[in-house]
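Trainee: Submitted below is the structure of interest, expressed as structure tokens.
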Amino acid sequence: MSSNKKVQELKKRRKEVQQGGGEKAIQKQVAMGKMTARERIIKLLDKGSFNEYDMFVEHEARDFGMDRKKLHGDGVITGTGTIGGRPVCIFAQDFTVAGGSLGFMHARKITKIMDHSLKMRMPLIGINDSGGARIQEGVNSLAGYGEIFFRNTLASGVIPQLSVILGPCAGGAVYSPALTDFVFVVDNISKMFITGPEVIKTVLGEDISMEELGGARVHSEITGNAHFFSESEDECFDQIKSLLSYLPWSNTDVPARKEIVDPLEEFNISEIVPADKRQPYDVRNVIRAVTDGSDFFEIQESWAANMVIGFGTMNGRTIGFVANQPLVLAGVLDVDSSDKAGRFIRYCDAFNIPIVTFVDLPGYLPGVDQEHAGVIRHGAKVLYAYSEATVPKITVIIRKAYGGGYIAMNSRHLRADFVFAWPDAEVAVMGPEGAANIIFRKEIAAAEDPDQMRAQKVQEYKEKFANPYVAAAKGYIDSVIEPWETRKSLLHALDVSGEKSVGMPMKKHGIPPF
Ligand code: HXC
């Protein structure tokens, strides 16, 4: 064969593989409103940057007619490319080829690109669109999943791992996304569940659609499994690019610095928080009032919305923000918001991202439901995560910082590096009304006019404790600042924390309450 003929053969082979599962299967994919695996990769990566690996891998299964089946690429496309000019590793399961099911060689392709991403210290992006373990391959498919989960765990905290759910992600397959850092879902396209509707019907006799069971909204609003929700695959890819723009490429890298610009004038920090302390406000606007260009990239926006987490930049550097949200449940800590904050704090710490915390909360959410759902165990995650984090940790107390909530939200006692408080801050064991009712119960009951006595005692308690100065007198608060001084104070704190160095006791690892 002449060299030209060999090139022709290569072209022919490539073309065949690029056809995936064939025209009919592709049409079905398109009819479901989905892009093909190859289109997804091309759309997500910088133009012309994709280098495909293992295009000609073939499965070795022989049972159940598999010996007669040629599965192009074995149902998954893998390789490297760039996003924003920086290299990433990627795999995309191809649903048009045997439903993107995961056989042994399919898994080998994925684990090979995972090994590459860990070795070369670059992010891993996995696009999931699969019917799960390839049934014809039996335990070999399960072995493949196990190998993936093991690598997800090894890479955790070393390189960013992003999972994009663009189709079914069924059965044990869901555990790879669950082990990764960020999960992206798209409305009407993403479906994630351990046991599907058919199993539920058989075992429990209940009818439920895939969408109701594990659709994109379910995981964005109820379970918290997803971090980013979008209406379309295009929007999802934009979210991935935005997220990556804040992240370092590994735990030894620093994020690319962004342009330094002042916050927008529309976010006037002195006007965001109402004078009446019972009035709520959107704490995201406080964050926007201190970040460069008022930029705030929120994570898990619709789940546990009483806690706000996300990235922004200050002086061009990525900062992780954690804030109580007075708009939802008065910003209390509960089971879900504790999980949300705890995990994000650990993420920031693993990737050397400083954490700024805004505090305004009445404490932990009371109630039998919360107690029985394990608010003690879940709430402890926040304490653990802040205490363990060694990145720069800065706190701003806006209004209420009561009880356990005060301690948990990055107090001095958990080793905050800087604690600022606004003049309206109240640092106390509990709110004045509750406190007066308990400690002056006898006086109030014995008074001729109990209401008047209660009001008087509430006022006494407020005067004594409902301010930042008792905590400031002890040095628990470093500085009481006016709201407009917040960005300046934060920038200064961040500047002087650049070389922060603290030790932790030698240990293999701690035992966090998860
Ligand atoms: C082999 C599979 C497959 C699988 C789908 N296909 N899932 N082949 N193993 N797991 C094939 C179908 O036979 C079909 O092939 C093609 O993919 C497209 O599938 P359809 O069913 O036609 O597509 P659709 O109607 O869109 O339904 C998609 C689906 C459904 C909901 C995902 O295919 C399904 O329920 N699949 C099985 C899901 C499942 O139970 N997986 C195993 C989970 S257990 P042809 O040749 O007809 O085009 C598991 C354990 C992992 O994953 C444990 C790890 C710890």
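Trainee: Report the residue count in the stretch 1-25 for those that are in a helix (DSSP H, G or I), open to solvent by less than 40 Å² (accessible area, probe 1.4 Å) and within 16 Å of the ligand (Cβ to nearest atom). So that I can check it myself, show each step before the final result.
Mentor: At the first step, the residues of the stretch 1-25 found to be in a helix (DSSP H, G or I) are 3-18, 23-25.
Add one more test, that the residue is open to solvent by less than 40 Å² (accessible area, probe 1.4 Å), and what stays is 17, 25.
Applying the additional criterion that residues be within 16 Å of the ligand (Cβ to nearest atom) yields 25.
Going through the stretch 1-25 one residue at a time, the tally reaches 1.
Trainee: Moving on. Could you look through the stretch 126-151, keep only residues that are within 12 Å of the ligand (Cβ to nearest atom) and open to solvent by less than 20 Å² (accessible area, probe 1.4 Å), and pick out the one that is farthest from L179 (Cα to Cα)?
Mentor: Quick first cut of the stretch 126-151, residues within 12 Å of the ligand (Cβ to nearest atom) only: 128-150.
Then keep just the ones that are open to solvent by less than 20 Å² (accessible area, probe 1.4 Å); that gives 128-130, 132, 134, 141, 144, 148.
On the way: N128: 14, D129: 17, S130: 17, G132: 16, R134: 21, S141: 19, G144: 15, I148: 10 Å.
Residue satisfying both the conditions and the ranking: R134.
Trainee: Do we find that A61 is open to solvent by less than 20 Å² (accessible area, probe 1.4 Å) and in a loop (DSSP other than H, G, I, E, B) in this structure?
Mentor: Details: open to solvent by less than 20 Å² (accessible area, probe 1.4 Å): yes; in a loop (DSSP other than H, G, I, E, B): yes.
Yes: the conditions hold for A61.
Trainee: Look at the stretch 315-337 and say how many of its residues are out of contact with any Cys (no Cβ under 8 Å at 6 or more places or on another chain) and in a strand (DSSP E or B). Reasoning before the result, please.
Mentor: Kept after step one, since they are out of contact with any Cys (no Cβ under 8 Å at 6 or more places or on another chain), are these residues of the stretch 315-337: 315-319, 321-337.
Subset that is in a strand (DSSP E or B): 317-319, 321-324, 333.
So the count comes out to 8.
Trainee: Check T318, T313, T357 and return the single one that is farther than 26 Å from S230 by Cβ and among the hydroxyl-bearing types (S, T, Y). Walk me through how you get there before you give the answer.
Mentor: On the way: T318 fails: farther than 26 Å from S230 by Cβ; T313 fails: farther than 26 Å from S230 by Cβ.
From the options T318, T313, T357, the qualifying one is T357.
Trainee: In the stretch 114-125, how many residues are in a helix (DSSP H, G or I) and surrounded by fewer than 24 Cβ atoms within 10 Å (Cβ to Cβ)? Don't jump to the end; show me each part of the working.
Mentor: Quick first cut of the stretch 114-125, residues in a helix (DSSP H, G or I) only: 114-119.
Still in the list and also surrounded by fewer than 24 Cβ atoms within 10 Å (Cβ to Cβ): 115-116, 118-119.
Going through the stretch 114-125 one residue at a time, the tally reaches 4.
Trainee: Any chance you could count how many residues in the stretch 362-388 are without any contact (Cβ under 8 Å) to a residue 60 or more places away in the chain and outside any loop (DSSP other than H, G, I, E, B)? Explain how you work it out, then say what you get.
Mentor: Initial filter on the stretch 362-388 (without any contact (Cβ under 8 Å) to a residue 60 or more places away in the chain): 364-376, 379, 382-383, 386-387.
Next cut, outside any loop (DSSP other than H, G, I, E, B) only: 364, 368-372, 375-376, 379, 382-383, 386-387.
Matching residues across the stretch 362-388 total 13.
Trainee: Here's another thing I want to ask about it. For the stretch 157-185, how many residues meet the condition of being within 27 Å of I309 (Cβ to Cβ) and without any contact (Cβ under 8 Å) to a residue 60 or more places away in the chain? Steps first, please.
Mentor: Within the stretch 157-185, the subset within 27 Å of I309 (Cβ to Cβ) is 157-166, 169, 173-185.
Narrowing the set further to residues that are without any contact (Cβ under 8 Å) to a residue 60 or more places away in the chain leaves 161, 163, 169, 174-180, 183-185.
Residues flagged as within 27 Å of I309 (Cβ to Cβ) and without any contact (Cβ under 8 Å) to a residue 60 or more places away in the chain within the stretch 157-185 amount to 13.
Trainee: Filter the stretch 169-183 for residues that are of a type in the set (V, I, T) and over 16 Å from L213 (Cβ atoms); which is farthest from the ligand (Cβ to nearest atom)?
Mentor: By that ranking, first place goes to V183.
Trainee: Could you please tell me which pairs satisfy a Cβ distance under 6 Å, a separation of 6+ or placement on different chains, a first residue in the stretch 193-219 that is more than 26 Å from F229 (Cα to Cα), and a second residue that is open to solvent by less than 50 Å² (accessible area, probe 1.4 Å) and more than 11 Å from the ligand (Cβ to nearest atom)?
Mentor: E206/I200
Trainee: Would you confirm, using the coordinates I've provided, whether S338 is surrounded by fewer than 22 Cβ atoms within 10 Å (Cβ to Cβ) and among the hydroxyl-bearing types (S, T, Y)? Break it down stepwise before answering.
Mentor: Details: surrounded by fewer than 22 Cβ atoms within 10 Å (Cβ to Cβ): no; among the hydroxyl-bearing types (S, T, Y): yes.
So S338 fails the test.
Trainee: Being closer than 26 Å to D495 by Cβ, open to solvent by less than 20 Å² (accessible area, probe 1.4 Å) and outside any loop (DSSP other than H, G, I, E, B) narrows it down to one of V396, V391, so name that one.
Mentor: Numbers: V391 fails: outside any loop (DSSP other than H, G, I, E, B).
The match here is V396.
Trainee: Here is a follow-up. For the stretch 26-58, give me each residue that is assigned to a helix (DSSP H, G or I), among the basic types (K, R) and open to solvent by 90 Å² or more (accessible area, probe 1.4 Å).
Mentor: K28, K43
Trainee: Please pick out the residue among V203, V158, V199 that is open to solvent by less than 50 Å² (accessible area, probe 1.4 Å) and either at pLDDT below 95 or hydrophobic (A, V, I, L, M, F, W, C) (or both).
Mentor: V158
Trainee: Now, a different point. Say whether the condition of being out of contact with any Ser or Thr (no Cβ under 7 Å at 6 or more places or on another chain) and open to solvent by 60 Å² or more (accessible area, probe 1.4 Å) is met by at least one residue in the stretch 283-294.
Mentor: Scanning the stretch 283-294 turns up no residue that is out of contact with any Ser or Thr (no Cβ under 7 Å at 6 or more places or on another chain) and open to solvent by 60 Å² or more (accessible area, probe 1.4 Å).
Trainee: Next question, about the same structure. Residues that are aromatic (F, W, Y): list the helices (runs of 4 or more DSSP H) wholly contained in the stretch 144-261 that include at least 1 such residues. Spell out how you get there, then give the answer.
Mentor: Details: elements: 175-179, 197-204, 210-214, 233-246.
Helices (runs of 4 or more DSSP H) meeting the threshold: 175-179, 233-246.
The values are calculated or read from the model by the stated rules, or taken from the named source; none is laboratory data. Everything quoted here is computed from the prediction, not taken from an experiment. Please note: Cβ atoms are built from the backbone with ideal geometry, for glycine as well, and neighbour counts cover all protein chains shown. Accessible surface areas use protein heavy atoms only, side chains included; no ligands, DNA or RNA. Shrake-Rupley method; radii C 1.70, N 1.55, O 1.52, S 1.80 Å.
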